[in-house]
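Here's the structure, in structure tokens; my notes come after.
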Amino acid sequence: MKLSKSSIGAASIGGLLLALVPATGAMAEDTPTTEELLAQCESADFCEFTPTSNELYVTEAEQVSPLSPNCDPDVVDFQANWSQTKGTTDSVGGSVTASAKVMEVFEVSVEANYSHAWTSTSTTGGFLTLHVPEGNIGYITKATAMNRVTGTYELHFSDRYYGHYYWYTAPVTIEGPDTTRPSSEVIQGHNKVMSADERAQFCG
């Protein structure tokens, strides 16, 4: 049977409309979230992280010492102690950092791809001499060297998981301290004039 041009056009339009129908809620639920996939890393037959980028950066300066107020009429030198702890964070609400297996897979991959041993947590400290004028407050800041790695996890299952044997997560970003670049870090002393409230608080 021959189809008229109008029939063919209608059939084509019908096919196009069918292809453009959005997924229903039920269909959307057939795809696991990144968190659900990462939760399967321990039990999956295969779980591997493949990085796609490794960004080295330095944080904005942040205060790492207690305040050192000077209520005397002269400049005072303070031996001010500072300390800072930096840990690993991720872009999926802690689903990476909360799992020893998922972090292990990540660390192995980073070392293999970038020849860099990942540091999950770093605590540093020291002291500086602060020259604080009368009516000022001294404090110390530190800008910290960090790594930001982005990539995907690949998982294989012996039984279908959400209908498939193989799954890839959406891109996952993981950040942590980079102890290999201490020269990139900036530790600095500062002064600021006390406000009326601070003078009342610290100087009585």
From the set of residues in region 126-171 that are touching a strand residue (DSSP E or B) at 6+ places or on another chain (Cβ under 6 Å) and basic (Lys, Arg), which is most open to solvent (accessible area, probe 1.4 Å)?
Arg148
For Thr180, are the conditions met, namely being touching a His at 6+ places or on another chain (Cβ under 9 Å), farther than 21 Å from Phe46 by Cβ and either open to solvent by 70 Å² or more (accessible area, probe 1.4 Å) or modelled with pLDDT under 95 (or both)?
yes
Just the residues that are of a type in the set (Gly, Ala, Ser) and exposed (fewer than 13 other Cβ atoms within 10 Å of the Cβ), please, taken from region 99-120.
Ala100, Ala112, Ser115, Ala117
Can you tell me which residue is nearest to Leu56 (Cα to Cα) among those in region 157-203 that are free of Cβ contacts under 8 Å to residues at least 40 places away in the same chain and of a type in the set (A, V, I, L, M, F, W, C)?
Ala196
Name the pairs whose Cβ atoms lie under 9 Å apart, with the first residue in region 59-88 and in a strand (DSSP E or B), the second among the basic types (Lys, Arg) and open to solvent by less than 30 Å² (accessible area, probe 1.4 Å), and 6 or more positions between them or separate chains?
Glu62/Lys142; Gln63/Lys142; Trp82/Lys142; Gln84/Lys142
Evaluate the following for Thr123: is it modelled with pLDDT under 95, open to solvent by 30 Å² or more (accessible area, probe 1.4 Å) and either outside any helix (DSSP H, G or I) or over 18 Å from Thr33 (Cβ atoms) (or both)?
no
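The values are calculated or read from the model by the stated rules, or taken from the named source; none is laboratory data. Keep in mind it's a predicted model, so treat the numbers as computed, not measured. Glycine also receives a Cβ, built like all others from the backbone with ideal geometry; neighbour counts cover every protein chain displayed. Protein only, heavy atoms only, side chains kept; ligands, DNA and RNA dropped before computing areas. Shrake-Rupley method; radii C 1.70, N 1.55, O 1.52, S 1.80 Å.
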